[in-house]
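Since every read-out is calculated from the coordinates, none of them should be taken as a lab result. Only a predicted model underlies this, so the values are computations on that prediction, with no experimental measurement involved. Here the Cβ positions follow ideal geometry from the backbone for every residue, glycine too, while neighbour counts run over all protein chains shown.
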Amino acid sequence: MAFWDRVREELKKAAHEGWEAVKGGAKVAAEKSEEVAKTSKLRYKAYTTHKKAEKLFTELGGIVYDLAKPPYENPLSKPEVMKLVEDIKKVEEETAKIEEEIERVKKRIAARPSEQPAPEEAPAEAGEKEEPSEEGRTEEAPEETTEPEKEAPKEPKE
């Protein structure tokens, strides 16, 4: 029964370690979801401000185009052009603030220490031989899986 007991204990240990890994993964996933949710919300806000800027630029371009016909006028002398330029500057500042906030969220999430526990290493049971780690292993020549070389066809003798 000693073998069965050892198998049962190993299965329990594997299940426990698996559950711990799932819990740790869930925590990481939750943190990532939080980051994605916040940055997505901010990116959508940036998108709406870019659309607002696009609308203002289109309106400004239309006014400048209309002023490019004789009699030519300086577009900056028109109050509606200056109002549009000021509105575009405000949108530009708003977009810059949003981009800064996105970076702050990313840095804040990245600065959190990962609280995922390291998997517990079970001590080797008495009488069991511990496997060497990857670092301690020596390179062995891989087994040949190719077919044996075929002899070259012999030329017929005359």
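Dipole magnitude of the stretch 34-111 about its Cα centre, charges +1 at Lys/Arg Cβ and -1 at Asp/Glu Cβ only, in debye to the nearest 20?
Computed about the Cα centre, the dipole is about 340 debye.
To the nearest 0.05, what FRET efficiency results for Ala37 and Lys78 with a Förster distance of 41 Å applied to their C-beta separation?
0.40
Got the relative contact order for the stretch 34-111 handy, in percent, Cα pairs under 8 Å and 6 or more residues apart?
Relative CO of the stretch 34-111 lands at 52 percent.
Projecting each Cα onto the charge dipole of the stretch 34-111 (Lys/Arg +1, Asp/Glu -1 at the beta carbon, about the Cα centre), which of Ala68, Pro79, Ile98 comes out farthest on the positive side?
After comparing all options, I get Ile98.
Only sites in a loop by DSSP and with at most 11 other Cβ atoms within 10 Å count here; which trypsin sites (Lys or Arg not before Pro) in the stretch 1-98 make the cut?
Hits after loop and neighbour filter: nothing returned.
To make sure I understand the rule: partners must be lysines, Cα under 22 Å from the Cα of Lys12, and not fewer than 8 residues away in the same chain. Which ones qualify?
Those lysines meeting the cut-off are Lys23, Lys129.
List nothing, just return the count: lysine pairs in the stretch 34-111, 8 or more apart or interchain, with Cα separation under 18 Å.
For the stretch 34-111, qualifying lysine pairs total 29.
Alpha carbons only, please: Rg and Dmax for the stretch 59-107, in angstrom.
16.4, 55
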